[in-house]
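Just below is one structure, and these are the notes that go with it.
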Amino acid sequence: MNKKPNKSSSAPEVNTQKTLHKNLDFTATEQYKLLRANLNFTIPAGIKCPIVGITSSMRGEGKSTTAVNLSYVLAESGKRVLLIDGDLRIPSIAKKMGIKSTPGLTGLLMGYEAQRLGDFKSTINENWYIMPSGELPPNPSELLGSKRMERALNALAENFDFIILDLPPVNLVSDALAVSEYITGMIVVVRQDYTEKKELEHCFRQLSLSNVKVLGCVMNESKENGKSYSRYRYKRYYKYYKYYGHDEKHRDVDME
Ligand SMILES: Nc1ncnc2c1ncn2[C@@H]1O[C@H](COP(=O)(O)OP(=O)(O)OP(=O)(O)O)[C@@H](O)[C@H]1O
Ligand SMILES: [Mg+2]
């Protein structure tokens, strides 16, 4: 429980994790569908391809798991979706998905790899594209906040209905804040019995100072309503709390 992700490896592995995409049980899948529905309500009207960042306060709260599963259920609903591993320090999408970590985002940004969109097409769903981190750069924050990143996202957005960007935690490095200018909004993941209240408060303070639009929070590994889901082994489900506005943001995150 609460395992930290390992560093990404370029060796593909078969992934059978029960917490990911088509391996999820019924209850968890339904919660991600609920997240998908609520997300659609929070995206401002008129945006052709929303770019949604996924972050949290600390390591290991379930950002990458949420990014994989949210992008998967969006693709399942018929949307063309690109999942990007924007954690250029400890990437995990390639490992979680059992794919190579290159070609990837850094190759695209630095222009040292010839890339075709087809390179990123998943074998799981024809609408689902997955761009791993690529080689790890010495300057992740600068790269993510660069004009190259903005141009790359805008160009990619021409080809998709949704881009989901998995990011590092806000309280440890500035990478998630660096990219905030180029994205539609951020989802903040909170993990029950793991995330500390003061860390979450600090995270929201940082997001607010950087004028990041917080679209909502995901309560990962919530054990509420355990009774109703008792037939599921871990009584885990995923819950989405709508974000109602800047002044009320702390109200939406129930840490009790
Ligand atoms: N709801 C869940 N139930 C069980 N295990 C989970 C759940 N969510 C995440 N995990 C596990 O917890 C670990 C951390 O999850 P994940 O990699 O998604 O977190 P993260 O926030 O992206 O971490 P990091 O900050 O290091 O990038 C992984 O081993 C993952 O499989
Ligand atoms: Mg991660």
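The values are calculated or read from the model by the stated rules, or taken from the named source; none is laboratory data. Note that the structure is predicted; figures quoted are calculated from it, not measured. When we count neighbours, we look across all protein chains shown, and the Cβ atoms used for this are built from the backbone with ideal geometry, even at glycine. Each accessible area value is taken on the protein alone, full model and side chains, heavy atoms only, with ligands, DNA and RNA left out. Shrake-Rupley method; radii C 1.70, N 1.55, O 1.52, S 1.80 Å.
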(Q) If you split all Cα-Cα distances of the range 31-108 into 10 Å bins from zero, what percentages do you get per bin, shortest first? (A) 15, 49, 31, 5
Q. Sorted by packing (mean other beta-carbon atoms within 10 Å per residue), highest first, where do 141-148, 70-77 land?
A. 70-77, 141-148
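Sorting 193, 87, 161 by accessible area (1.4 Å probe), largest first, what list results?
Largest accessible area first, the list is 193, 161, 87.
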**Q.** Cα convex hull volume per residue for the range 21-244 (Å³)
**A.** 117 Å³
